[in-house]
Each structure stands twice: as C-alpha cells, then as structure tokens.
Amino acid sequence: MLNKIKDIYNKYEEIIMYLFIGGLTTVISLGIKYLLLFTVLDAKNPLQLQISVILSWIGAVIFAYFTNRKFVFKSKTNKKLQEVIKFFSSRLVTLAMESIILWFFINFLKMNSDFYVFIWTIVTQFLIVIGNYILSKFFVFKKDIENDKKDNKFVVFVKNNLLFVCMFFVFVILCYIFPYTHDDWGWGIKEIGIEERFNTFFKDYNGRYAGNYLVLLLTRFKLLKTFIMAGVITLIIYFMKKVTSVKNKSSIYLMIILFMLMQQSTFSQVVPWVSGFSNYAFPVLSCLIFINLNLPLFENKKINLSNWLIIPLLILGFIGSLFIEHVTIYNLFLCIFILIVGYKNSKKISFPNLFYFVGSIMGTILMFSNGAYHKINSGTDFYRTVPTDENFFVRGIKTYFDTIYKFFIQNNLIINLILSIMILLIAYKYLKKNKVSDKIKKFIIKPSMGIIIFFNVYNIFNYVYADNALSAIRLIKYAEGSLAGLYYIALMFTSIICIETQKRKLMLGFLYGSNILIVAPLLIVTPLNARCFFMNCIIYIMIAIYIFEYIISKSYLKIDLSNLLKYTMIILFMFFTFVYSYIYKVDCDRIKYIEKYKHLDEIVLPKLPFGKFIYYGEPDFPEFNRRFRIFYGIDEDSDTTFISYGKWKKLQD
C-alpha cells in the first residue's frame, strides 16, 4: 500500500506539490493581510484595507515564486529576472481573469444570491488553479535549452524598455485612484436608460459601440479599469516613441513630460476620466500601431508585413473605428494614404494593410449606420448638431473662431513654448549655415520666426491675464484665431524647410497634415470639448520629439539635458501621484460618509479637491445629481449639497 502511494506521488509529484504549495500560499496571503489589519492598518479605513489586500497579494506571489521554482518545477535557469517578470505577469493575468469572471456572472448577469456567489467563487478558483499551473509550466518555468543559452526575447524587450515597465506600474497606481466622475455615474448604474441602450444595441444613441461597451465594463469593475487604462496609456506613449524613432533617453523623458503637461482640460477629460478615456484613448493607440507597422514607407522603402497580421489588423481596424467619429474618419484617410504610398514604393498592395482598411470600412459603416447620425443630420438630435440652414464653410469658420483654435493650438501652452524654442533654434542654425543661398527660404523663415515669437509672447501674456476684460471683445477672438492659424502655418513651413533630412521632412509633413485632417470634421459639429483634441495633443508631442531628436543628432545642444529631464519627469510623476492620492482620500471619505448617512433627507458632501485635474467631481445638473445618488445608493428623495473639503471636515469635527 505504501509503495503504491509512493508510486502515485512519484508519478504526480509536480501536481501534488503544486497543490500543496498553493495551499501554503493561501495561508501566507491571509496571514499577511490579517497581521497588517491587526497591527499597523485599520480594516475600517477603505484605503488601508486596500493596501493590506495589495501587500498580501504581493507577499503571496513572492512566496509562490520561490517555492514553485524550487519544489514544484525545479527550475535551474540563471535567468531569474526573466522568471520573476513572467511569474508576476502570469499572476496578474489570472487575477484579472478571476475578477472578470466574478464580475460578469455576479454583477453583470445579476447571479448574486448567496448560492450563486458561492458556486461562481468555487468555479473561478478551480479555473485559476488550472490557469496558474498551465502558465507556470509552459510559460514561466518552461524548460528550454535554447533559452538557457541566450537571453529570451521577452527579457531583452523588458531590459530595453524598463522605463516603460516602471511607468506602467506608476500608471497602475494612478489609474486605481482615479475617481469615477460625471458620465461614469450614469454608465456605472443599472437603470432603465442604460439597459435600454444595451439591449437595443445603442439604437439612435451613437455608433461608438466599442467605447460604449468598454465604459460599461470599466465603470463596473475597478481592477479591470486600473489595468486597461494603465496599459493603454503606457502603450500610447510607447508607440509615440516607436513612430518618432526615438533613440535618445532624453527624448523619452521629454515625451513623458509633455504628455503629462498637455493642456489640462484635455488631460483631465481623457486620462483620469473613465468615460472620456473609453472613447478617446484606444483609437489613438490603434492609429499609432498602424503607422508604426508602416514606418519604412516614410523612408521610401518597401513594406513587407507578415501575412499572419491579416486577421489581427482586420480586427484592429474594425474595433478602432467604433470609438470616436472624427478619428474614425481620419483613420480611413490614413489607410488610403498608406495603401497608395505602399503601392508606389513596391508596385503591389500589402494584404495586411488592405485588411486593416477593410476592417476600418466595416467599422465606419457600422458606426454611421446608427440612427443617431440621421437625427443629427436632420437637426432632431437633442445634443449634437451639424449645419442645416447655413453654408458648411461659414459654419466651419464660426466653429474655428468660437472653439477650435483654442483647443487645437492656443491652449497647448507648454508644448507650444518648447516646440517653438526648438524650431527657432533649428531656423537660426539653418540661416547661419545658408547665408548666401536660398533667398526665398529666408524670406519665408524670418517672418515665420517673428510670428512664432509674437504668438508665444502673446499667449503667455494671455495666460497670465486670462480674466482681463479684453478677452470679451469679439475682435480679439478673431485676431487670436487668425494669429493661432498663422502660428501653426509658420511652425509647419519653418520646421519642414529648416530640417535637412528628407525622411524627417516626410514624417513632419505627415504629422502636420494628420493634425489638420483630424480637426477637419470638427469644423461642422457642435458641441466640442477639449477631449476631442486628445489625438491632436499626441501628434503635437510627436512633432516636438521628432524635432528634438533632430537637434540632438545635429549636436545643436552643447549641454546634456538627460538628467534635468529625467528628474523633471520623476518630480512630475510624484506631483501627479500626490494630487490624485489626495483626491482619492477625499473620494474615500465621501463614499464612507455616504454609506453611513445615505438615508438622511439632506446630505452634505465634500467637493473633490484639485478640480482642474478631474472632470466634474460633483454633479453639475439635476440629471447628473440623480445619477450620482443612484450610483452611490443615496435615497432618491435625499437632497445632496457639496461644499469644500475644508469646510466639510470642520462640520465633522
């Protein structure tokens, strides 16, 4: 009998030890959690409770890694960094899978009785155990002689992009503490209006199907929101680096700095706001991926994409066209441009690019077949309008001077200033180098330099004295809009003329032209918000980085800015972490207070601080007040009043 047990153990040693170690890992996780809660942390404090959960998970994963490595899979490889990264990554995947399964069946499908909660918890844990074993055996601790001889491609990639890995984890923290605000309250509740939209496939609402489903998910499941938002934001910055062919670390630091310092209204309406992020971030990533795949075209080279990309690009083109209308339209022009240039260079059509185009057309047709756009066109939509009784050109001019020039050009204060300084530097160097020849170019460049200087001086003055009475004069608006337009033209011509590398000229022309194409559909639509210009901000940053890389390559800078830029980036991340941590603290206090007093006839709640860093932390209209109350479970008849956090704290004391 004993020999039989030994035979069974020897045969299934790996699985038996894996299950045993799994049981110990659970004990370790619970032990760390309750040790923290009974000693240094308070279980009644939501923030401290979350900290205990995170620390217990990290401790358990560390324990699981070392014990699985030694006793279960008996790994002998010296590539420990590779194993650690892959092990943590695999556990993050199964953690996300567990959360999605539980949310889908318990929250989304409303199978939330005690019986169903118990059943789905058991089923989920069973699937997680299997998933962790498969990932550990065939991904993390895979026995591969070739991988022991040389660095795995994955590890090489992580080593080369360690900054982006670190940035991802910083964004994980930030995205976790970003509060739900404004439209999030409506999307995150199960009310008649949302159910109707979902059940009728958003009929007559809008054609942003992918964005609508994404926001439904992210407003209902915080962990999913955290990792998807952090992942997409990190990937956007990563592909900005790829598209601009950045080779210098200083350029990466500057890119991240400019991303964090884009015009505040655009940043607050896309990055921390779930509803804005869901519609405006992913299509930018989709376009950047497609452009990156076709970068050789900008060097007049042939494109040779593998045929295995056909299906992924078909799906990417289709899904990427179901988020936001003006980027969907731009994406079609982008596809046509890439196909034409690709055919010109190689005399044949790239099938992966063709299928991306097909997917984009399919997505565009699906989007604009929604009845909402027929209502907009007929003037019967309650929110959005296009011109029906006036010339499109006249409407475009009005929209430009009313809204677009500010969000598109003027409000990018810091990006404009840094970009202008760099363009003035290359223009100065170009004129100094070409003193005799190119008289026409000098005739264009010098006036352009004057416009660039004047615009930035005026823009800084206007920012400092934003509330002055002159801003109300209509003539000033038209003068500002005209100056902004001239400034953009001056930037475009000066940078393209003064940069001597043909490849960079082509890419800059493409980026400047893309910016105009993205804005063009917005000229005839109202209302417009700062979030509509998120992709324009991204392109502006890429233009700045492209020119910065050129300046470095030409050794125009006599000083090394890498340390200054690196520490500026770190300080910015620390600043944003502080700001959003404080917002999170107040949000937790607000939620805790609501849970305690939500049945009162009148509830006084604190406003979220740093209002410019979030999008409407408090309801601004009665309908949003109603959604806010439903989202947080406040009685329908209760009155909610919002006061500053300082005053609210005094009331509590």
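Numbers below:
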item: Ellipticity estimate at 222 nm from DSSP helix runs (n ≥ 4, -39,500 (n - 2.57)) divided over the chain, nearest 500; result: -22500 deg cm²/dmol
item: Ellipsoid semi-axes in whole angstrom, largest first, where each is sqrt(5λ) of the Cα gyration tensor of segment 442-580; result: 27, 23, 18
item: Global size of segment 317-365 as Cα Rg and Dmax, reported in angstrom; result: 10.9, 33
item: Zero-based 5 Å bins, Cα pair distances in segment 242-303, whole percents; result: 4, 15, 17, 20, 20, 14, 7, 4, 0
item: Percent carbon-and-sulfur accessible area, the chain, ignoring ligands, DNA and RNA, probe 1.4 Å; result: 67
item: By accessible area with a 1.4 Å probe, ligands and nucleic acids excluded, highest first: order of 204, 587, 560, 639; result: 560, 639, 204, 587
item: When each of 225/566; 33/80; 406/446; 429/554; 242/429 is checked by Cα-Cα distance, pairs over 20 Å; result: 225/566; 33/80; 406/446; 242/429
item: D (Stokes-Einstein, µm²/s), Kirkwood Cα radius, segment 528-629, 0.692 mPa s at 37 °C; result: 183
item: Where the chain is the region considered: accessible area per residue in Å², 1.4 Å probe; result: 50
item: Calculated on alpha-carbon atoms, Rg and Dmax of segment 174-332 in Å; result: 17.3, 55
item: Vicinal HN-Hα couplings computed from phi for segment 94-101 (Karplus, 6.51 cos²θ - 1.76 cosθ + 1.60; Hz; Gly/Pro x); result: 5, 5, 5, 4, 4, 5, 5, 4
item: Rounded Å value of the spacing that divides the Cα centres of segment 413-432 and segment 326-383; result: 35
item: Förster radius 60 Å - calculated FRET efficiency between residue 478 and residue 76, Cβ distance, rounded to 0.05; result: 0.25
item: Long-range HN-HN contacts of residue 643 with modeled amide H, under 5 Å; result: 605, 607
item: Distance from segment 225-274 to segment 172-186 (C-alpha centre basis), Å; result: 18
item: Listed residue (311, 447, 232) projecting farthest to the positive dipole end of the chain, Cβ model; result: 447
item: Between helix 2-11 and the chain: long-axis angle, C-alpha atoms, 0 to 90°, nearest 10; result: 10
item: Solution diffusion estimate, µm²/s, Stokes-Einstein, segment 576-653, Kirkwood Rh from C-alpha pairs, 4 °C, viscosity 1.567 mPa s; result: 100
item: Separation between Cα centres of segment 519-578 and segment 581-623, rounded to whole Å; result: 32
item: Trypsin sites (Lys or Arg not before Pro) restricted to DSSP loop in segment 481-578 with at most 12 other C-beta within 10 Å; result: 558
item: Once the Cα gyration tensor of the chain is diagonalised, semi-axes √(5λ) in Å; result: 45, 34, 26
item: Contact order normalised by residue count of the chain, Cα under 8 Å, 6+ apart, percent; result: 16
item: Listed residue (297, 489, 320) projecting farthest to the positive dipole end of the chain, Cβ model; result: 297
item: Accessible surface ranking that places the most exposed of 13, 602 first, with a 1.4 angstrom probe; result: 602, 13
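The values are calculated or read from the model by the stated rules, or taken from the named source; none is laboratory data. Predicted model only: the values in this text are computed from it and were never measured. Note: ideal-geometry Cβ built from the backbone for every residue, glycine included; neighbour counts use all protein chains shown. When the accessible area is computed, the model is the full protein with side chains, heavy atoms only, and any ligands, DNA or RNA have been set aside. Shrake-Rupley method; radii C 1.70, N 1.55, O 1.52, S 1.80 Å.
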